[in-house]
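Chemist: Here it is, the structure in full.
The values are calculated or read from the model by the stated rules, or taken from the named source; none is laboratory data. These numbers were taken from a predicted model, which means no experiment stands behind them. In this analysis, Cβ positions are derived from the backbone assuming ideal geometry, glycine residues included, and neighbour counts consider all displayed protein chains.
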Amino acid sequence: MEKQVESPNIFKPSGEMRDLRLLEELGRNPIISQRELSHKFGIALGVTNACLKRMARKGLIRIRGLNHRKIGYYLTPKGFAERAKLSLHLISYIVQHYSELKNIISQKLLEMQGEGLQRIVFYGVSDEMEVAYITLQGVNLKLVGIVEDDEKMTPRIIFGYEIEPVSRVQELKPDGILITSLIDSEKKRERLEDIFSRNSICIKDICVP
């Protein structure tokens, strides 16, 4: 299988981003079915229906029946204003969230450096990992590999590193491992403790203060 080169997005969609994307899409294409919206944004049809009804109640969109088969969802002036407001909120949130996450990761990396570690591995392909990679450039640590849960493995290269299954992490000979995912971090720590049961290894987790 051909390897994929990826650069993961930093943040996952929030409720506000979902609303913003819906308003943006309706602004471009008001004559779109709820099923098409659900498929486009990866949300349940029922959730899409509830969102559109809520937007109509708030006066953000006007629903018009074009014929017995098609319905149009048109942004109102209030809807255009809400779209602009959500854009500003989202930018503010991303800047604040990025800054806080970068500070947490920086602290973990400095702790590893202070403990005399040199070779580290990132465990968990995620948006948080991209922030960790950027933050790593400011410390004297060497990234020797990136690993992921065996069941999530697909052949790919990220930041020049071929992703390895966590079951082979010892082959990378790391001094320490930074868990770079907010999802299932406790399970990842338990898996590492099982793998390194006979050897001492420094494990840091961005979820743990």
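Chemist: List every residue pair whose Cβ atoms sit under 9 Å apart, with the two residues 6 or more apart in sequence or on different chains, where the first one lies in region 23-40 and is over 18 Å from Asn67 (Cα atoms) and the second, anywhere, is surrounded by 13 or more Cβ atoms within 10 Å (Cβ to Cβ) and basic (Lys, Arg).
Modeler: Leu23/Arg83; Glu24/Arg83; Glu25/Lys40; Gly27/Arg83; Lys40/Arg21
Chemist: Contact list please: Cβ distance under 7 Å, first residue in region 182-195 and in the same structural domain as Pro165 (by TED's automatic domain parsing), second residue assigned to a helix (DSSP H, G or I), pairs at least six apart or on different chains.
Modeler: Between residues of region 182-195 that are in the same structural domain as Pro165 (by TED's automatic domain parsing) and residues that are assigned to a helix (DSSP H, G or I), the close pairs are Leu182/Glu128; Arg191/Val166; Ile195/Val169; Ile195/Gln170.
Chemist: Which residues, counting only those in region 154-169, are surrounded by 13 or more Cβ atoms within 10 Å (Cβ to Cβ) and not charged (D, E, K, R)?
Modeler: Listed by number, the residues that qualify are Ile157, Ile158, Phe159, Tyr161, Ile163, Pro165, Val166, Ser167, Val169.
Chemist: Give region 112-149 a look and list any residue that's among the acidic types (Asp, Glu), modelled with pLDDT of 90 or more and touching a Pro at 6+ places or on another chain (Cβ under 8 Å), or say none.
Modeler: Answer for region 112-149, where residues must be among the acidic types (Asp, Glu), modelled with pLDDT of 90 or more and touching a Pro at 6+ places or on another chain (Cβ under 8 Å): Glu130, Glu148, Asp149.
Chemist: Among the listed residues Leu45, Leu109, Leu75, which satisfies the condition of being surrounded by 14 or more Cβ atoms within 10 Å (Cβ to Cβ), modelled with pLDDT of 90 or more, over 30 Å from Asn140 (Cβ atoms) and not charged (D, E, K, R)?
Modeler: Leu75
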